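Here's the structure, in structure tokens; my notes come after.
Throughout, read-outs are computed from the coordinates displayed, never taken from laboratory work. These numbers were taken from a predicted model, which means no experiment stands behind them. Here the Cβ positions follow ideal geometry from the backbone for every residue, glycine too, while neighbour counts run over all protein chains shown.
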Amino acid sequence: MPIPKRIIEKNLRKKGFVQDNNDHRYFYHEINGKRTGAYAFTSHGSKYKEYDIRLINVLKKELKLNTLKETEDLLKCPMDRTRYEKILKNKGILS
């Protein structure tokens with residue numbers, strides 16, 4: 001199920017991601033101003049208005065998630081920031 005890029009970017013900002021604008025858009029996850037290592041990259045290109053399963057799988061790796069379901073939940077908003085950070089903590093990414 002495709003997810004519109006604008007929805008992805010909006011929801012990442014809600015989950016503790018800070019946008020760094022360059023040629024492309026990088027979103028870095030931060031806690032108390034420190035980057036955690038999780039990030040997401042979105043393209044400015046007009047052919048990337050929606051992210052299909054292939055691109056969502058790329059985001060899954062960048063976001064340090066295990067499943068496509070977790071990734072979709074984070075990007076569509078059923079997963080809140082607390083739950084996402086708990087996943088990162090359980091994986092040893094956060095201390």
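Note on log10 I(q)/I(0) by the Debye sum over Cα atoms at q = 0.15, 0.21 Å⁻¹: of the candidates (i) -0.52, -1.04; (ii) -0.47, -0.95; (iii) -0.63, -1.15, the value calculated from this structure sits at (i).
I'd like the trypsin sites (Lys or Arg not before Pro) in the range 1-75 restricted to DSSP loop residues with at most 11 other Cβ atoms within 10 Å, sorted by number. Don't skip to the end; give the middle numbers.
Numbers: sites: LYS5, ARG6, LYS10, ARG13, LYS14, LYS15, ARG25, LYS34, ARG35, LYS47, LYS49, ARG54, LYS60, LYS61, LYS64, LYS69; in loops: LYS15, LYS49, LYS64.
Here the sparse-neighbourhood loop sites are LYS49.
Less than 5 angstrom separates the built amide H of MET79 from those of LEU74, all sequence-distant by 5 or more or on a different chain. With a simple spin-label model that places each label point 7 Å from the Cα along the Cα-to-Cβ direction, the separation between HIS44 and LYS89 comes to 3.8 nm.
Modelled label positions at THR67 and ASN22, each set 7 Å beyond Cα in the direction of Cβ, lie 3.3 nm from each other. With contacts taken as Cα pairs under 8 Å at a separation of at least 6 residues, the chain carries a relative contact order of 28 percent. Applying the Karplus relation 6.51 cos²θ - 1.76 cosθ + 1.60 with θ = phi - 60° to the range 79-95 yields 3J(HN,Hα) values of 8, 8, 4, 4, 5, 4, 5, 5, 4, 4, 5, 5, 7, x, 7, 10, 9 Hz, where x marks Gly and Pro.
Please state the charge dipole magnitude for the chain, taken about the Cα centre, from unit charges on C-beta atoms (+1 on K and R, -1 on D and E), reported in debye and rounded to the nearest 20. List each step's numbers first, then the result.
On the way: 22 positive and 12 negative charges, 31 e Å.
It works out to roughly 140 debye.
Under a 5 Å amide H cut-off, with hydrogens placed 1.01 Å from N, VAL18 pairs with TYR28, HIS29, GLU30 among residues at least 5 apart or on other chains. A cut-off of 5 Å between modelled amide H atoms, ignoring neighbours fewer than 5 places along the same chain, links LEU63 with TYR39.
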